[in-house]
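Working notes, beginning with the structure itself.
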Amino acid sequence: MKILYLETSSKNCSVAISDGEKLLCVCEEVSENYKQSESLHSFVEWALEGAELSMKDIEAISLGEGPGSYTGLRIGSASAKGFCYGLKIPLVAVNSLESMIEPFLNQNYDFVIPLVDARRMEVYTAVYDGITGSEITPTEAKVLDETSFQEFKDKKIIFVGDGAKKAQEILQLPNADFNVDIYPSAKYLVKKTLEKIDKKDFEDIAYFEPFYLKEFHGVKKKKSED
């Protein structure tokens, strides 16, 4: 089964294609300026070329559903739904935090904890078992302070993601490792996507919304005085 994966929840605009478990092509780029609107469809075209496929060969779309960048999630969701409508194929949604933990499973960690920067001292996070990858605590928006994650102080843990940098500066956890260079990536959506397809766990395309976690608060421009 040929699947197109889209992950746009972070600074990493990421597209991948697989044939079942076999990864055929990955196109991704980390940009401080969040270039999803400029890059996503070009990356889809390049991934299709790299996999030597056309869009009509794609049999399902998998989307990293968030949490993360509000604008990035809207762009990814709109594209995924458009592809599904046009091709009449199913949509699978996977928590974006789960796409960050796979490289660290079975690496002698008790827990893997993704941290996605949500501005100031807030992060999007969840706790996953370091062996099975099963969710231990649900996804939440968490304000970091010196006491955060103290319940794991006697465990071997790793914090991953761009939010791990500020965590490293304040957390008092001697057994913790930190990897700040990990972002949600389409290439790590494959395993969970195939599990969901096997269970026929598909989204209702008409009503699907990304996992924003927090409401969007825009900046209101001040009216210029005459």
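The values are calculated or read from the model by the stated rules, or taken from the named source; none is laboratory data. These numbers were taken from a predicted model, which means no experiment stands behind them. Cβ: placed from backbone, ideal geometry, glycine included. Neighbour counts: every protein chain shown.
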_Options TYR70, TYR5: the member that is among the hydroxyl-bearing types (Ser, Thr, Tyr) and at pLDDT 95 or above_ = TYR5
*Kindly provide the set of residues from the stretch 176-200 that are more than 20 Å from GLY72 (Cβ to Cβ) and touching a strand residue (DSSP E or B) at 6+ places or on another chain (Cβ under 7 Å), ordered by number.*
ALA176, ASP177, PHE178, ASN179, VAL190, LYS196, ILE197
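Yes or no: the stretch 23-30 includes at least one residue that is under 19 Å from the mean Cα position of the chain (by Cα), closer than 27 Å to VAL180 by Cβ, touching a residue at least 60 places away in the same chain (Cβ under 8 Å) and in a helix (DSSP H, G or I).
Step one: filter the stretch 23-30 for residues under 19 Å from the mean Cα position of the chain (by Cα), giving 23, 25-30.
So of that shortlist, the ones also closer than 27 Å to VAL180 by Cβ come out as 23, 25-30.
Those still in the list that are touching a residue at least 60 places away in the same chain (Cβ under 8 Å) too: 23, 26, 28, 30.
When the remaining residues are screened for being in a helix (DSSP H, G or I), the result is none.
No, because not a single residue in the stretch 23-30 is under 19 Å from the mean Cα position of the chain (by Cα), closer than 27 Å to VAL180 by Cβ, touching a residue at least 60 places away in the same chain (Cβ under 8 Å) and in a helix (DSSP H, G or I).
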*Taking strands (runs of 3 or more DSSP E) that fall entirely within the stretch 93-172, which contain at least 2 residues that are out of contact with any Lys or Arg (no Cβ under 6 Å at 6 or more places or on another chain), modelled with pLDDT of 95 or more and over 26 Å from TYR212 (Cβ atoms)?*
157-160
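Yes or no, residue by residue, for (1) buried (at least 22 other Cβ atoms within 10 Å of the Cβ); (2) under 24 Å from LYS196 (Cα atoms); (3) in the same structural domain as ASN12 (by TED's automatic domain parsing):
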site: PRO114; (1), (2), (3): yes, yes, no
site: ALA118; (1), (2), (3): no, no, no
site: THR125; (1), (2), (3): yes, yes, no
site: ASP129; (1), (2), (3): no, yes, no
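Go through the stretch 53-85 and give me each residue that's among the aliphatic types (A, V, I, L, M), touching a strand residue (DSSP E or B) at 6+ places or on another chain (Cβ under 7 Å) and more than 18 Å from THR193 (Cα to Cα). First the steps, then the outcome.
Our first condition is that a residue be among the aliphatic types (A, V, I, L, M); within the stretch 53-85, this holds for 53, 55, 58, 60-61, 63, 73, 75, 78, 80.
Among the residues that remain, those that are also touching a strand residue (DSSP E or B) at 6+ places or on another chain (Cβ under 7 Å) are: 53, 58, 60-61, 63, 80.
Across the stretch 53-85, the qualifying residue is only LEU53.
Does THR147 satisfy the criteria of being of a type in the set (Ser, Thr, Tyr) and surrounded by fewer than 16 Cβ atoms within 10 Å (Cβ to Cβ)?
Numbers: of a type in the set (Ser, Thr, Tyr): yes; surrounded by fewer than 16 Cβ atoms within 10 Å (Cβ to Cβ): yes.
Against the criterion (of a type in the set (Ser, Thr, Tyr) and surrounded by fewer than 16 Cβ atoms within 10 Å (Cβ to Cβ)), THR147 qualifies.
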*Using beta carbons and a limit of 7 Å, which pairs, at least six apart or on different chains, have the first residue in the stretch 189-204 and among the charged types (D, E, K, R) and the second one at pLDDT below 95?*
LYS191/GLU102; LYS192/GLU98
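With the requirement that a residue be surrounded by fewer than 22 Cβ atoms within 10 Å (Cβ to Cβ) and in contact with a helix residue (DSSP H, G or I) (Cβ under 9 Å, 6 or more places away or on another chain), what does the stretch 28-39 give you?
Of all residues in the stretch 28-39, those surrounded by fewer than 22 Cβ atoms within 10 Å (Cβ to Cβ) come to 28-35, 37-39.
GLU28, GLU29, SER31, TYR34, SER37, listed by residue number.
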*Pick out the one residue from LYS88, LYS2 that is surrounded by fewer than 20 Cβ atoms within 10 Å (Cβ to Cβ), touching a strand residue (DSSP E or B) at 6+ places or on another chain (Cβ under 6 Å) and among the charged types (D, E, K, R).*
LYS2
*Among the residues of the stretch 32-56, how many are closer than 30 Å to ALA118 by Cα and among the small types (Gly, Ala, Ser)?*
4
